[in-house]
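The values are calculated or read from the model by the stated rules, or taken from the named source; none is laboratory data. What you see is a predicted model; the values in this text were computed from it and never measured. Neighbour counts are summed over all protein chains in view; Cβ atoms, including those assigned to glycine, are modelled from backbone coordinates with ideal geometry. To get the accessible areas, we keep the full protein, side chains included, count just its heavy atoms, and leave off ligands, DNA and RNA. Shrake-Rupley method; radii C 1.70, N 1.55, O 1.52, S 1.80 Å.
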Amino acid sequence: MILGFDTSGPYCGTALFHDGDVIAAHYENMAKGQAEHLMPLIERTLADADAVLDDLAAIGVGIGPGNFTGIRISVSAARGLALALGIPAIGVSLLDALAYRAPRPILAVLNAPRDHVYLQRFGDGADRAPELVAKADIAEWLIPGITLVGQDSPALSRALGIAHAPAAFAPASAVARLAAERAHIVHPRPAPLYIKPADAAPSRYRGPAIL
């Protein structure tokens with residue numbers, strides 16, 4: 001039994017995977033408040049399947065890219081639960097989750113600030129690591145036969161003249177399924193996938209020296 005959850009966007013999502021399928025899941029849109037809602041949502045998801053935390057064999061968590069605060073919330077929760085339960089926590093990129101079971105080659109896209117997107121290309125020997133790209137430069141990532149999946153993909157596909165496909169699963173469901181497939185591999189602790197540096201900068205103010 002594997003619990004997957006994600007708070008990297010303006011939402012909070014959970015999914016419980018067991019015996020080859022997701023048996024319980026919740027998804028709530030929210031611009032903020034994920035820190036307060038994540039654990040209650042996990043409890044509801046487990047209760048729907050008549051399960052408890054001790055039933056879990058592993059945890060899958062969305063590591064971004066996305067909202068910096070949201071990513072830290074879910075990654076911290078996954079690390080804490082994994083440590084308390086003595087089970088592995090497996091980080092899953094949201095671009096991987098978008099591309100899961102999508103036709104290949106596929107270009108996964110997530111919105112980023114200031115007219116940029118996060119892109120990753122999968123399949124047919126044309127894999128390309130995730131990058132932060134200006135929307136005006138997306139065409140440079142296209143190859144023959146490629147399909148677009150992700151945020152605003154219908155509008156982007158019309159503008160670019162390529163096909164698009166909906167994501168096969170909600171983010172937390174894809175995270176749980178991918179974690180299940182990767183559970184037999186030893187993974188490092190989940191860490192945020194930021195791709196871009198934080199917008200916030202350290203304060204330039206220097207306080208008084210303490211003698």
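For region 42-50, check the following and say yes or no: at least one residue is touching a helix residue (DSSP H, G or I) at 6+ places or on another chain (Cβ under 6 Å), over 24 Å from residue 110 (Cβ atoms) and modelled with pLDDT of 95 or more. No, that holds for no residue. For region 52-71, a residue qualifies if it is over 11 Å from residue 192 (Cα atoms), touching a residue at least 12 places away in the same chain (Cβ under 8 Å) and of a type in the set (A, V, I, L, M), and the qualifying residues are 53, 56, 57, 58, 59.
Here is a check on your reading of the model: is residue 54 at positive phi and at pLDDT 95 or above? So residue 54 fails the test.
Tell me which residues, restricted to region 97-114, are surrounded by fewer than 20 Cβ atoms within 10 Å (Cβ to Cβ) and farther than 12 Å from residue 156 by Cβ.
Residues of region 97-114 that are surrounded by fewer than 20 Cβ atoms within 10 Å (Cβ to Cβ), as a first pass: 101, 103-104, 111-114.
Once the filter is applied, which keeps residues that are surrounded by fewer than 20 Cβ atoms within 10 Å (Cβ to Cβ) and farther than 12 Å from residue 156 by Cβ, region 97-114 yields 101, 103, 104, 112, 113, 114.
If the condition is being open to solvent by 60 Å² or more (accessible area, probe 1.4 Å) and more than 24 Å from residue 20 (Cα to Cα), then region 141-174 contributes 144, 145, 151, 152, 158, 159, 161, 164. For region 6-59, filtering for residues that are within 12 Å of residue 73 (Cβ to Cβ), of a type outside the set (A, V, I, L, M, F, W, C) and surrounded by fewer than 16 Cβ atoms within 10 Å (Cβ to Cβ) leaves 3. Among the numbered conditions (1) touching a residue at least 60 places away in the same chain (Cβ under 8 Å); (2) outside any loop (DSSP other than H, G, I, E, B); (3) touching a strand residue (DSSP E or B) at 6+ places or on another chain (Cβ under 8 Å), the only one that residue 8 does not meet is (2).
Restricting to region 187-211, and then to whatever is within 20 Å of residue 59 (Cα to Cα) and modelled with pLDDT of 90 or more, can you tell me which residue is most open to solvent (accessible area, probe 1.4 Å)? Checking each candidate, the answer is 189. Could you please let me know if residue 66 is within 30 Å of residue 133 (Cβ to Cβ) and at pLDDT below 95? So residue 66 passes the test.
Of the strands (runs of 3 or more DSSP E) lying entirely inside region 72-190, those containing at least 3 residues that are out of contact with any helix residue (DSSP H, G or I) (no Cβ under 6 Å at 6 or more places or on another chain) and in contact (Cβ under 8 Å) with a residue 40 or more places away in the chain are 106-112.
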